[in-house]
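Step one of this worksheet: look at the structure below.
Taken together, the values in this text are just the output of simple stated rules run on the coordinates, not laboratory data. Everything quoted here is computed from the prediction, not taken from an experiment. Using ideal geometry, Cβ is built from the backbone for each residue, glycine included, and neighbour counts are taken over all protein chains shown.
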Amino acid sequence: MAKTASTMLPLGTPAPDFTLPDTVSGQTMTYHDVAGTRATLVMFICNHCPFVKHLLDELARLGRDYAGPDVGMVAISSNDVTGFPQDRPERMRELAERMAFAFPYLYDESQNTARAFGAACTPDFYVFDGDRRLVYRGQLDDSRPGNGIPVSGRDIRAALDALLSGEPVGADQRPSIGCNIKWKGA
């Protein structure tokens with residue numbers, strides 16, 4: 001497994017806009033469509049990455065635990081599907097339905113959304129506040145495939161819970177580690 005770390009976009013960065021197709025509903029969605037009133041979690045994931053597979057149950061749990069108007073969530077796959085056909089939109093839909101994701105799973109075919117967010121790996125996580133300002137970026141938690149640490153979602157949950165309670169998000173933010181995004185022409 002090749003390991004790539006998050007680029008750690010500067011805190012306070014405004015949430016980039018996007019318009020992408022949802023692989024489950026077929027609808028085109030924007031940041032506004034998925035945003036929560038108090039927090040928005042944007043996750044760059046894909047189907048084939050072992051780092052993402054390791055976290056899938058927790059991602060589905062996060063969607064269920066934070067469902068509602070206060071917290072918006074979206075997953076985006078930006079991988080080039082030419083070399084990674086398991087990341088094609090129809091396979092994304094199958095995964096989202098099998099995991100019962102309570103959030104849209106969008107396909108970034110142009111890869112422009114990943115570039116706008118500075119996404120580097122799968123998984124890569126970004127939490128924005130109600131004013132669309134970045135307050136957290138980095139890892140879900142300390143768990144990695146094979147390290148024996150249980151998947152808890154601790155870091156993302158702490159950021160979301162802080163926003164929901166009106167508290168500042170902690171400054172101790174660690175990069176996510178995962179497979180590099182499969183860029184076209186790379």
### Message
Looking at the range 145-159, can you tell me whether even one residue there is out of contact with any Asp or Glu (no Cβ under 6 Å at 6 or more places or on another chain), assigned to a loop (DSSP other than H, G, I, E, B), within 24 Å of Pro89 (Cα to Cα) and in contact (Cβ under 8 Å) with a residue 12 or more places away in the chain?
### Response
no
### Task
List every residue pair whose Cβ atoms lie under 7 Å apart, where the two residues are 6 or more positions apart in sequence or sit on different chains, the first residue falls within the range 80-93 and is free of Cβ contacts under 8 Å to residues at least 40 places away in the same chain, and the second residue, located anywhere, is assigned to a helix (DSSP H, G or I).
Val81/Asp87
### Query
Do we have Arg93 as surrounded by 16 or more Cβ atoms within 10 Å (Cβ to Cβ), among the basic types (Lys, Arg) and in contact with a Ser or Thr (Cβ under 7 Å, 6 or more places away or on another chain) here?
yes
### Query
Which residues, taken from the range 98-129, are of a type in the set (D, E, K, R), out of contact with any helix residue (DSSP H, G or I) (no Cβ under 7 Å at 6 or more places or on another chain) and buried (at least 21 other Cβ atoms within 10 Å of the Cβ)?
Asp124
### Query
Among the residues of the range 71-87, how many are farther than 19 Å from Ala119 by Cβ and under 17 Å from the mean Cα position of the chain (by Cα)?
1
